[in-house]
Amino acid sequence: MIKNWYRGSLIAVVTILLMVTQLGGSSASASSTPFGPERFSTDHATYTISAQSPYYRRIWQEAIKAWNETGAFHFQKADSASAAQVTLKVASKHEAAALGEDVGLTEYAAKNSYLQRATATLNPTLLHEYNYSRANQLAVAEHELGHVMGLAHNPDKQSVMYYRNRKVAIQPVDIQGVKLRYQTPAGQASN
């Protein structure tokens with residue numbers, strides 16, 4: 001009888017400890033947003049905005065300003081579109097259909113893990129269809145610029161780099177992620 005009681009109590013304690021450990025693990029957040037192996041050779045890049053819409057040009061400009069104000073990375077307007085390392089655009093209706101369910105997309109070309117060129121695209125069709133507010137659209141633009149700088153998705157919902165983010169702007173974990181990305185050699189990703 002005591003043996004069964006002891007075994008039952010031990011199982012209960014282990015179960016509770018496992019539950020507490022799991023709860024603590026899932027609510028804890030990383031100190032920085034993860035990053036991939038690719039990055040620019042320096043912590044700055046030139047850009048051009050090819051979006052014709054004044055509204056989306058402002059969205060991109062505000063997202064650039066927000067990242068520049070962090071001091072972690074600097075985007076500078078290129079003298080010409082051909083000289084830009086980064087192109088910021090808005091999908092045409094045809095391109096929007098090809099994007100599927102993505103409200104934003106970043107593509108890049110890299111050589112030896114150094115980014116050569118990147119293109120970040122906003123999908124206005126879905127942004128409107130899903131009723132994204134102006135602040136939501138700005139968060140998407142900030143998210144795509146995070147990818148441009150080399151950040152990966154963050155599993156923490158309180159990060160601009162959360163994969164389904166629409167409400168959270170740049171956070172300290174994201175700034176720290178960019179700083180670490182550019183302190184870490186190209187070719188190495190965060191753990």
Report task. Could you list all residues from segment 111-136 that are touching a strand residue (DSSP E or B) at 6+ places or on another chain (Cβ under 7 Å) and buried (at least 18 other Cβ atoms within 10 Å of the Cβ)? Result -> L115, A118, A120, T121, L122, N123, P124
Report summary line: Matching residues in segment 129-175 (closer than 17 Å to S32 by Cβ and of a type in the set (S, T, Y)) number 3
**Report entry** Qualifying residues in segment 77-101 (those that are surrounded by fewer than 16 Cβ atoms within 10 Å (Cβ to Cβ) and among the charged types (D, E, K, R)) - the one farthest from M161 (Cα to Cα)
**Finding:** D79
Query raised in the report: Is there a residue in segment 37-45 that is exposed (fewer than 15 other Cβ atoms within 10 Å of the Cβ), on the phi < 0 side of the Ramachandran plot, within 19 Å of the chain's Cα centre (by Cα) and without any contact (Cβ under 8 Å) to a residue 12 or more places away in the chain?
Result: no
Report task. Return yes or no: is T33 more than 29 Å from N191 (Cα to Cα), surrounded by 12 or more Cβ atoms within 10 Å (Cβ to Cβ) and at pLDDT 95 or above? Result -> no
**Report entry** Output for segment 154-168, where each listed residue is closer than 18 Å to T70 by Cβ and within 10 Å of the chain's Cα centre (by Cα)
**Finding:** N154, S159, V160, M161, Y162, N165
Query raised in the report: Only one of T48, T42 is farther than 27 Å from K157 by Cβ, modelled with pLDDT of 95 or more and in contact with a Lys or Arg (Cβ under 8 Å, 6 or more places away or on another chain); which?
Result: T48
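Name every residue in segment 53-70 that is touching a residue at least 12 places away in the same chain (Cβ under 8 Å) and either not in a helix (DSSP H, G or I) or not aromatic (F, W, Y) (or both), in order of residue number. Reasoning before the result, please.
Taking segment 53-70 and keeping what is touching a residue at least 12 places away in the same chain (Cβ under 8 Å), we get 53, 56, 59-64, 66-67, 70.
If the condition is that a residue be touching a residue at least 12 places away in the same chain (Cβ under 8 Å) and either not in a helix (DSSP H, G or I) or not aromatic (F, W, Y) (or both), then S53, I59, Q61, E62, A63, I64, A66, T70 are the ones that fit.
The values are calculated or read from the model by the stated rules, or taken from the named source; none is laboratory data. Note that the structure is a prediction, hence the values are computed from the model and not measured. All Cβ positions, even for glycine, are placed from backbone atoms using ideal geometry, and neighbour counts span all protein chains on display.
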